[in-house]
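Report on the structure given below.
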Amino acid sequence: MGGSKTGRAGTRVHVVSDVHGNTEALARAGEGADALICLGDLVLFLDYADHSRGIFPDLFGVENADRIVALRTARRFAEARDFGRALWDGLDREQLIEGAVRRQYAQMFAALPTPTYATYGNVDIPGLWQEYAGPGTTVLDGQRVEIGGRVFGFVGGGLPSPMRTPYEVSEEEYAAKVEALGEVDVLCSHIPPEVPELCYDTVARRFERGSEALLAAIRRTRPRYALFGHVHQPLARRMRIGGTECVNVGHFAATGRPWALEW
């Protein structure tokens, strides 16, 4: 990647989120850009659009995947947990999941271009990232980096939810990561700020967790952009909050297209 190769003036960054196993598109995501930003959720545990894809159906079959998706979509989370618990009974859940995640990470991190700046999604396992992230990938969480003269701040993970995904942190821990960034030009997170239109998934028919701390930081520090993913089919993909353009960069697993930012 690089501006000099394309004949462009300025800087172009491509942004993806919710990759969920789409390694083929990820390998092309940085083409024509000076850097790639990945806002997490590399792991594909269960594809709600195609119940035959992911760790869950690989282990338990499509019929059981159909059942657990139906329960979750109906917001019957306690029943879904009981159903899942029965399926896992007698199996080494942690070992099986870690093995499957490792196979996915090996493929996806190998596909990332140089340079890539990445943060964790709520379904990622942060403890494994350093094993697979190559020298061209910088992992950031509660940290800043300068790209093309602009300061980008990164906040990874999600907040506690009925889904109980692997990387959910407390409101206090999340807010501390946001606070550590200070003022940035571009605020990058996996989850959106806590705004109903940005948090509601029109297909899943539920509100996903957004962050009050992100919303407060946007109002207080007024970055140029706030970029995020997490909500696959949001009611609103873009919204201005004061002088900040808030953008859901898209469900990359489904679209295969990065969102582009140029300056």
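The values are calculated or read from the model by the stated rules, or taken from the named source; none is laboratory data. Quantities reported herein were computed from a predicted structural model and do not represent experimental measurements. Positions of Cβ are backbone-derived with ideal geometry, glycine not excepted, and every protein chain shown enters the neighbour counts. Quick note on the areas: whole protein, heavy atoms, side chains included, nothing else; ligands and nucleic acids left out. Shrake-Rupley method; radii C 1.70, N 1.55, O 1.52, S 1.80 Å.
Summary table below
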{"quantity": "The chain: calculated mean residue ellipticity at 222 nm from DSSP helix runs of at least 4, using -39500 (n - 2.57)", "calculated": "-9500 deg cm²/dmol"}
{"quantity": "Cβ-based net charge around Ala254, under 11 Å, with every Lys or Arg adding one and every Asp or Glu removing one", "calculated": "-2"}
{"quantity": "Cβ-placed point charges (K, R +1; D, E -1), dipole of segment 1-87 about Cα centre in debye, nearest 20", "calculated": "260 debye"}
{"quantity": "Gyration tensor (alpha-carbon) shape descriptor, segment 138-195, a/c threshold 1.5", "calculated": "prolate"}
{"quantity": "Å² per residue, accessible surface of the chain at 1.4 Å", "calculated": "45 Å²"}
{"quantity": "Fraction of beta bridges assigned by DSSP in the chain that are antiparallel (%, nearest 5)", "calculated": "40 percent"}
{"quantity": "Positive-end extreme of charge dipole, segment 1-89 - chosen from Val16, Asn64, Val43 (charges on Cβ)", "calculated": "Val16"}
{"quantity": "Listed residue (Leu227, Val178, His251) projecting farthest to the positive dipole end of segment 146-263, Cβ model", "calculated": "His251"}
{"quantity": "Cα-based helix-to-principal-axis angle, 62-73 vs the chain, degrees rounded to 10", "calculated": "70 degrees"}
{"quantity": "Heavy-atom accessible area order for Tyr132, Tyr105, largest first, 1.4 Å probe", "calculated": "Tyr132, Tyr105"}
{"quantity": "Dipole magnitude (debye, nearest 20) for segment 93-162, charges at Cβ of Lys, Arg, Asp, Glu", "calculated": "120 debye"}
{"quantity": "Point-charge dipole on Cβ atoms (K/R +1, D/E -1) for the chain, about Cα centre, debye to 20", "calculated": "740 debye"}
{"quantity": "Gap separating the Cα centres of segment 197-232 and segment 5-84, nearest whole Å", "calculated": "18 Å"}
{"quantity": "Cα gyration tensor category, rounded, prolate or oblate, for segment 125-263 with a/c compared to 1.5", "calculated": "rounded"}
{"quantity": "Principal-axis tilt of helix 93-111 within the chain, Cα atoms, nearest 10 degrees", "calculated": "30 degrees"}
{"quantity": "Helix 212-221 vs. the chain, principal-axis angle (Cα, 0 to 90°, nearest 10)", "calculated": "0 degrees"}
